[in-house]
Every structure is written in C-alpha cells, then in structure tokens.
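Enquirer: Let me begin by handing over the structure; questions about it come next.
We did not get these values from a lab; they are worked out from the coordinates using the rules stated. All values reported here derive from a predicted model rather than from experimental measurement. Cβ placement follows ideal geometry from the backbone for every residue including glycine, while neighbour counts extend to all protein chains displayed.
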4 protein chains.
Amino acid sequence: MTELKSRGRQRSSESEEAILTATLQLLKEKPLRDITVEAIASKAGVGKMTIYKWWPSKAYVALDAFLKTMNKMVVIPDTGEAERDLVELLGSIMSFYSSPTGRIFGQFLAESQTDREFAALFLERFMRPRREVVGVVLDRAMKRGEIDDTLDRELVLDFMFGPMVLRLMIGHGPLNKAAANAMISTLLRGIGGTTPKARRASGRRLP
Amino acid sequence: MTELKSRGRQRSSESEEAILTATLQLLKEKPLRDITVEAIASKAGVGKMTIYKWWPSKAYVALDAFLKTMNKMVVIPDTGEAERDLVELLGSIMSFYSSPTGRIFGQFLAESQTDREFAALFLERFMRPRREVVGVVLDRAMKRGEIDDTLDRELVLDFMFGPMVLRLMIGHGPLNKAAANAMISTLLRGIGGTTPKARRASGRRLP
Amino acid sequence: MTELKSRGRQRSSESEEAILTATLQLLKEKPLRDITVEAIASKAGVGKMTIYKWWPSKAYVALDAFLKTMNKMVVIPDTGEAERDLVELLGSIMSFYSSPTGRIFGQFLAESQTDREFAALFLERFMRPRREVVGVVLDRAMKRGEIDDTLDRELVLDFMFGPMVLRLMIGHGPLNKAAANAMISTLLRGIGGTTPKARRASGRRLP
Amino acid sequence: MTELKSRGRQRSSESEEAILTATLQLLKEKPLRDITVEAIASKAGVGKMTIYKWWPSKAYVALDAFLKTMNKMVVIPDTGEAERDLVELLGSIMSFYSSPTGRIFGQFLAESQTDREFAALFLERFMRPRREVVGVVLDRAMKRGEIDDTLDRELVLDFMFGPMVLRLMIGHGPLNKAAANAMISTLLRGIGGTTPKARRASGRRLP
DNA sequence: CTATAACCGAGACGGTACGTCAGGTCTTCGC
DNA sequence: GCGAAGACCTGACGTACCGTCTCGGTTATAG
C-alpha cells in the first residue's frame, strides 16, 4: 500500500523542531508551570494554533521536548557484580535527575497529579523505559543468583526509584554517590537486625 | 512577659475557620490546581483580601486546611514485633493516602516542585511529623534488635515512604494490604539472593 | 497605494457595535462614574480585554458611543434674522443637553477635569463640531451685519455656550425657551445701561 | 434654651484640623478623584472612621478644606466705573481659578455631576458667595445706571461666570487679563452689529 | 470620684472593580 | 489547504479602596 499523502501543505517538521527546541530552552530557564503556550509559540516563531493542533497542552509539548534529549545517553553497566552495577546505575540516574534538565522530571510528576491522561503517557513513554534499563541489570543479577528471583520485579524497581524520587521531590536528603551506595547496600541486605526475631524475619534465606 | 495585643480589630477566627472549611470541601471536589482563591472566598463568605492577607497562596491555605483534619488520628501500633507493626503502619498510611482526602498529598508534592518556600513548610509541618510516627516504631524495633541500629534512620524512612509515594504519584502499582506486606517483608530481608556473591553481600549479619 | 490589511483575524465590528450599544444603554440608566468596564463587557457579551484593547478607558468608549448617536440630528436654522436663528439654535441645544442622553455631556466635562488626553479628544470630536454649527449661524449674521464682525468668534461662542453649560452643571437656573430668549437678547444688546457712562461704554456703535 | 453639651468626649478639633490640612495638601498634588479617604486618614494620622463620621464622602472633606483657605481674600473693587470694576474682578477670579489651588473648582463641578447633594452644598457654600461678590459690583453699577437694571441679575452673573468656567473646564481659550477685558467689553456692549436689523435688535436703548 | 458616654487610632473585614494575563478558539491572508 | 498572525471570549489573578465593624484606650460630663 502506498503512503497517500493528503493534499495541501504538509505538517511542517521545521515548526515541530522549532517548538520543541524553544520549549526545551524555556524549561531550562523556568519551571513548566511558569511557561506559557504563548511564550513557546512566540519563541518558536509559530502560531499558538499550530501547537494546540498537535499537542493537548504544554505538558505534552514539554514531554516530547524532554524525550528528544533523553533518547541517546543510556549506558547499562555490566561489571558482573550486582551491587557494583546497581550503585553505578542509581548514581548516574541520581546525577541526571539532580541536573537542571533532570529537574524537569519533578514537574512531570507534578503535572501527572492533575492530568491522568498525561500521567499515563508519562508512565509509558518515560518511566517504563527508564525502569526497564534498571530491570535489565536486575534480570542479569537474578539470573546469577545475586538477587532473589522470587521477588516481584516491579516492587524491586519501586525500591530502587522510590527513595530517590522522594528525595528529589522533597529535597530532604542528599542524592549523591554516598547516598547511592547506602541505598543499594541497605536494599540488598535489608534492614532486619540480628536478634532471634530478626533472624526469624531474615530466616527465609538461612538453612 | 506581657502579651501585647496589637491595637485595632483582631483577626476573625470565624473567617479563618470558614476559609479552611471551605477549602477542605473544595479539595474533596477537585484538585488544588482547579481551585481558585475566588472560589474559596466566595464559598467561605469572605473577601479575597482576607485570604491574601494571611496566606501567601492557595497552596498554603490548603496545607493549613489539610493539617487541621490530620492532627487527630494517629495510632502508633505496638505489638512488640517489628514486622507486624510496620505492616500495620504502612497499611494505614497507604489507605489514607489512597482516600479522597489523602490524595491531596500528591498535590502538595506537586506544588512543592515550583514553590521552594512551600516545599520547606510542607516538609516541616506535614512530612516530618508523619515520618516521626514511623520513626517511633523503628526506634522501638531497633532497641529490641529487630532492626539494624547502625543504619541511617532517614534512609530507612525513605525506604518506607519512597516506594509508596512513587506508586501514589504514578499509579503504576497497587497500594493495598498485600503491597504493604510485600514491601515490609522485602525491606526487612533485603533483595540479595543466595549465591556466594549474595552471601557475601548479605554476610554482614552472618557469622 | 494599496491598503495593506494586516494578517490575522480582523477586528470584529460586531463586537465594537455591541460595546457601543451596551454603553449607550447603560449611560441612560446611570452616570458614567457608576458604569464599570465589566458591566459594559458583560452586557455586550464581550471580553474586557477587547474593550481595553481598543479604548484607553470607559470614558473613551462612552464618548464614541455618544458621538454615534449625535452625528445625525443637526439642523442649522436660517430664518434670515440673527436673533431668531440664535434663539432657536440655543433652545434646541438646551433641550438636548437637558435630555437624559444630553446630560452625559456633564459627565464628559467632569472626566475632562482629570484626564487631559480625554479632554483634548472631547474638545476636538465633540465640542468643536458643536461650536461650529453655531459658528455657521454667527458667520451668516456677521456677513449680514447683524453681528459685529470685529469680535473674536471664539469669544462669542463662549458667550453662547458658557452660561448654558454653567446652568447645566450647577443646576441653579432654568434651561428653557424663555432662558434662551433672554440669553440671546441680552447677548445681542449687551448689559450696559443708559447713563452717559454707559453710553460711553456702548458708544462704540453710536456716532 | 441652654446649650446642652452631650456627655462623653467632644469632637477633636485637632483631628478635624489635621484632616483638612492633609486634604488640602493632597489636593495640591493630585486631583480629587485620585485621592483616597485612606490616604487622607493616613496623612492626617487619623482613623478612617473619624472622617466618615463627620463627612459623607471625600468630596465634602475637600470642599471644607477648600473653603477654609478661601474665606479670607476677597477685595471688592470699587473704582466708580463699572467696566473697570468688572474687568478687575473677573481678572482676579480668573487668576485664582487658574492657580493650582483654584483648579480644584473644576473637580468640584465634576463631583457635582454625580452627587446632587454635594452639588447643592457646593452651590450654597461656594458658588453663591462668589457670585454675590460680583453681584455687589453689579448692584452698584446698576444703581449708577451703568448697567441695565431691568435685567435678570442671575442671568448677568451667568454671563460673567459662564464663559470663564467654560474655558476653565475645557481649556480651549485663554484666561488672562486680555480675555477679561474682551469679555467685559463684549458683555457690556453686546454682540449686535450696525445694520438696521441690528439697530432694531439693539434699539431697546436707542430713541 | 466613679460611672457612663462619646470620641479616637488602628486596622481587619466583606465587597466591588480594577487592569493584566493566559487559556483555548476562531478568522484572515500569504505561501 | 496549511500555518503565521493575531483578535476574540473567558475566567482568574493579585491589588486598591470602599464603607463598616470591632478593638483598646482616652477624655469629658453627670451623678
């Protein structure tokens, strides 16, 4: 079947490009909430209608703009040792989210609180891929027996991302190398103590 | 020391009451972002200026309104067993955050992304007390040796709250009794596997 | 030269029409000061911005609305006799200014006291044309020798309008047919008496 | 009948003084419309209630403040010649109305357009006395036969004040010595020309 | 010489309108 | 026939004053 191009002028990829670029630039200057569609249109040299035609709201534009810059840099560590891999991975994720660009993540989460449709899109297009990267490392470690393979994969991922995201959004704790180390170490070994009760608690893996 | 009351008419506690009540009611109907100061003022039978005079923005009003309902119901479980206590506590926290009222929490976190001053206030007035409740349970368990008392208390708290908050905000996973169970269980025992490597990893507490 | 129409949507003449009509109607109900831009916008089914975009303040809108109704009814009397013409003209002017619509004149004069820009516009667009009508009658009479053609035309016009406007604004004297008669009669003959001194005063036209 | 002083604290003349002084000062800075009761109260170091207690609106305060400065300087010229007296009188009135303080007159006239009660008060307390001063000069001249004593006194006064007030409010003509001269001269001799028709018109006083 | 008024300053209050801003839609014209 | 330009309606913003209503406190007359 041939691609039947509709008559008339085609969607201008230049415009799309300009819109995303302008949005990205604005996102570096101020939070998403303070950005207006008019500002994007003006900076991109584009009519507001053109934006509304292709995106439901500025949040979707921002997400597209954000994804455009993300889809390159992903290096999945594979040292053969789970703890080292996870620490490295969590550390690099932290450092990105702490960066000016990465902070936009919080804005997307914020937007997700009031726009469920956007939330779903954000989950599929941003979160899932990001989680999958960690998932790959987990899978390898599980296969090697370094991580309990009876655990719910999603739950483990939530333990990887949850504390970090919490610190990112509330800003009550550090997001550095040491934090990554402590998190992974604690997560691997659990918080249970050494008393009989604790031993019972941790007994699952003891003969 | 003498309480020097300022001259002039005193702040009307009736108005304050009406404002907080109206805000709370509106928060049950729609998200904070869709609530306007004018709507609050109108519903409370109050002038807009009265609101702007005492609160910097509607988010602060909402926080006060929210806190007013929170400062009652807190029951700290104390069964003598860490796992049971934590599961119960996490479960009740989850069920609150999943409730119509509790969902406001997400809105506050959203607001915190663009208003750092509000973020600080939210942390102090809402998060810290909430975390402290969990902290009490942790302390007891640490004293009993059920939880490793060498761990950073804040980190453990982030592991308690992080995964739950993540699910709350993204909505990708359940927040029910089973989830609470799984989370606490995993957190206590860690995710490390049974291989030598894993044993090394978890070896800290093994002779 | 080609009329270069700017791009984009054109100014809506329907909105303009609606705004002026609504304003006119409101002016019949209450004084300009009690009219709000919001009321005009609401009654015209128009956004406030549309009003602010094209007029600096409600006074300018009111002036436009007022002028729209004025630019029809002007009949310049020409009986061939100055006194008759002037009495008729002054009488009709009086009766208009005394009418509900005409009372708006006072409001414009009031507005002129605090907005010099408006004052200038009001002078050019309203006062000058109105004075010119009287000027035409004066010119004819001067040509016929019925009125001293050495007099400053502007001064004579001020004598025609001044007393009437004063009574209109202060409301201390009548504005009826008899008043018009008395005013014109007095103006034509002067107030000087019959004594030698007066004769000297009025002697200019006596041999 | 005895003056029954009511019980309780008496009206503070200091406050009244302060209010009027502050108002007068503000009136020199900006038009009445731009002055707020709050500004007066603040500048006078007085509560708003004290102002509202004694005056219905700021216009009344302003009128009182204005009258306080007026009730001194009145010199009624009496050279024995009507034209000279009138020119001098009109000239001095003009120069006052053109002064910064005198311009307030226009604001009072403006206020009168929308507050009929104020209009009445302004007429009685300000206009009437001012007109009476001119009336005195007219009476003398009428007695001397220099001015036609069959004329309506009020009408003549309107011819004295009308043109000047018109120029004051619209600003389309000068208000100086020359203008005063021209006005009085024209008023005394009338505007009628020299043709038979004009003579008929002016014939009243010619045998 | 105490009690009772009426006044006063301060300032919070319920309102109304302000003039601005951005959202999202609609219309015109140029490419 | 798409898309820039831009005018439109809507609704909320945060501010300014309005005129009223407490407050705590200060005179002044009356008993």
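Enquirer: Quick one: 3J(HN,Hα) in Hz for segment C:100-110, Karplus 6.51/-1.76/1.60 with θ = phi - 60°, rounded, Gly and Pro as x.
Expert: x, 5, x, 4, 4, 3, x, 5, 5, 5, 4
Enquirer: Then there is this: If you average the sequence gap of Cα pairs under 8 Å that are 6 or more apart and divide by the length of chain B, what percent do you get for the contact order?
Expert: Reported relative contact order: 19 percent.
Enquirer: Something else about it: Build a GNM of chain B with springs between Cα atoms under 10 Å: which of B:Ile19, B:Ile76, B:Ile170 gets the top mean-square fluctuation?
Expert: It is B:Ile170.
Enquirer: Please state the charge dipole magnitude for segment C:2-56, taken about the Cα centre, from unit charges on C-beta atoms (+1 on K and R, -1 on D and E), reported in debye and rounded to the nearest 20.
Expert: Values: 10 positive and 7 negative charges, 39 e Å.
The dipole magnitude comes to about 180 debye.
Enquirer: Another question, then. Considering amide H positions built from the backbone, and no H for Pro or chain starts, which residues 5 or more places from D:Gly173, or on another chain, come under 5 Å of its amide H?
Expert: Those lying under 5 Å, H to H, from D:Gly173: there are none.
Enquirer: Here's a follow-up. Looking at chain B, identify the longest residue range that excludes and avoids all trypsin sites (Lys or Arg not before Pro) in DSSP loops having at most 16 other Cβ atoms within 10 Å.
Expert: For trypsin sites (Lys or Arg not before Pro) (loop position, at most 16 other Cβ atoms within 10 Å), the longest site-free span of chain B is B:145-207.
Enquirer: For C:Val133 and A:Met49, what is the calculated FRET efficiency with R₀ set at 60 Å and r taken between the beta-carbons, to the nearest 0.05?
Expert: E between C:Val133 and A:Met49, to the nearest 0.05, is 0.75.
Enquirer: I've got another one for you. Between B:Asn181 and B:Arg153, what is the FRET efficiency for a Förster distance of 25 Å, r being their Cβ-Cβ separation, to the nearest 0.05? The partial results should precede the final answer.
Expert: Values: r = 23 Å, r/R0 = 0.91.
Once rounded, the FRET efficiency stands at 0.65.
Enquirer: Taking the label point 7 Å from Cα in the Cβ direction, how far apart in nm is A:Met49 from each other copy of itself, listed shortest first?
Expert: 1.6, 4.4, 6.0
Enquirer: Continuing with the same structure: I need B:Ser12, B:Ser185 ordered by Cβ neighbour count within 10 Å, fewest first.
Expert: Fewest-to-most ranking of B:Ser12, B:Ser185: B:Ser12, B:Ser185.
Enquirer: Which ³J(HN,Hα) values in Hz, rounded to whole numbers, follow from the phi angles of segment C:161-172 under the Karplus curve 6.51 cos²θ - 1.76 cosθ + 1.60, where θ = phi - 60° and Gly and Pro get x?
Expert: 8, x, x, 5, 4, 4, 5, 4, 7, 9, x, 8
Enquirer: Given H placed on each backbone N at 1.01 Å, which residues far from C:Ile147 in sequence or on other chains put an amide H within less than 5 Å of it?
Expert: C:Met142, D:Gly193
Enquirer: Would you calculate a helix-derived [θ] at 222 nm for chain C, using -39,500 (n - 2.57) for each DSSP H run of n ≥ 4 and dividing by the full residue count, to the nearest 500?
Expert: Details: 11 runs with 132 residues, N = 207.
Calculated at 222 nm, the ellipticity per residue is -20000 deg cm²/dmol.
Enquirer: Sticking with this structure for a sec: State the Kirkwood hydrodynamic radius of the protein assembly as shown in Å, one decimal place, computed from all pairs of distinct Cα atoms.
Expert: 35.1
Enquirer: Please report how far the C-alpha centroid of segment B:94-116 lies from that of segment C:66-119, rounded to the nearest whole angstrom.
Expert: 65
Enquirer: So if I place +1 on the C-beta of Lys and Arg and -1 on the C-beta of Asp and Glu, and nothing else carries charge, what would the dipole magnitude of the protein assembly as shown be about its Cα centre? I want it in debye, nearest 20.
Expert: 0
Enquirer: Related question: Taking the Cβ-Cβ separation of A:Lys30 and A:Leu123 as r and a Förster radius of 25 Å, what is the calculated FRET efficiency to the nearest 0.05?
Expert: 0.50
Enquirer: To continue, here is another question. In nm, one decimal, shortest first: how far is the label point of C:Gly8 (7 Å from Cα along Cα to beta carbon) from the matching points in the other copies?
Expert: 2.2, 4.4, 6.1
Enquirer: In addition: Quick one: what do you get for segment B:2-56 if you divide its Cα Rg by 2.2 N^0.38 Å?
Expert: Here the answer is 1.31, to two decimals.
Enquirer: How large is ³J(HN,Hα), in whole Hz, for each residue of segment B:25-37 in order, when computed from phi with the Karplus curve 6.51 cos²θ - 1.76 cosθ + 1.60 and θ = phi - 60°, using x for Gly and Pro?
Expert: Per-residue couplings from phi come out as 5, 5, 5, 7, 8, 8, x, 3, 5, 8, 8, 10, 4 Hz.
Enquirer: Continuing with this model, one more query. Pairs on different chains or at least eight residues apart, Cα atoms closer than 26 Å: how many lysine pairs in chain D fit?
Expert: The number of close lysine pairs in chain D is 26.
Enquirer: Moving on to the next point. Find the Cα radius of gyration of chain A, compare it with 2.2 N^0.38 Å by division, and give the number to two decimals. Numbers along the way, then the final one.
Expert: On the way: Rg = 21.5 Å, N = 207, 2.2 N^0.38 = 16.7 Å.
This ratio for chain A stands at 1.29.
Enquirer: For chain D, give the magnitude of the charge dipole about the Cα centre (Cβ charges: +1 Lys/Arg, -1 Asp/Glu; no others), in debye to the nearest 20.
Expert: Roughly 220 debye for chain D.
Enquirer: For chain C, build the charge dipole from Cβ charges (+1 Lys, Arg; -1 Asp, Glu) around the Cα centre, then report which of C:Val156, C:Gly47, C:Ala82 sits farthest towards its positive end.
Expert: With unit charges placed on the Cβ atoms, the residue in question is C:Val156.
Enquirer: Which angle between 0 and 90 degrees, to the nearest 10, do you get for helix D:177-189 versus the longest principal axis of chain D when only C-alpha atoms count?
Expert: 50
Enquirer: Shielding of C:103-111 by partners, i.e. mean partner chain Cβ atoms within 10 Å per residue?
Expert: If you average over the peptide's residues, the count of other-chain Cβ atoms is 4.
Enquirer: Here's something else I'd like to know. Compute the Kirkwood hydrodynamic radius of segment D:132-200, taking the inverse of the mean of 1/r over all pairs of distinct Cα atoms, and give it in Å to one decimal.
Expert: The answer is 13.6 Å.
Enquirer: For C:Pro100, place a label point 7 Å out from Cα along the Cα→Cβ vector, do the same in each other copy, and report the separations in nm, one decimal, smallest first.
Expert: So the distances to the same position in the other copies read 4.4, 5.1, 6.4 nm.
Enquirer: Binning every alpha carbon pair distance of segment C:74-189 at 10 Å from zero, what are the percents per bin?
Expert: Computed distribution, short to long bins: 13, 46, 32, 9, 0.
Enquirer: What spacing in nm lies between the two simple spin-label points modelled at D:Thr101 and C:Arg144, each 7 Å away from Cα in the Cβ direction?
Expert: According to this spin-label approximation, the distance is 4.9 nm.
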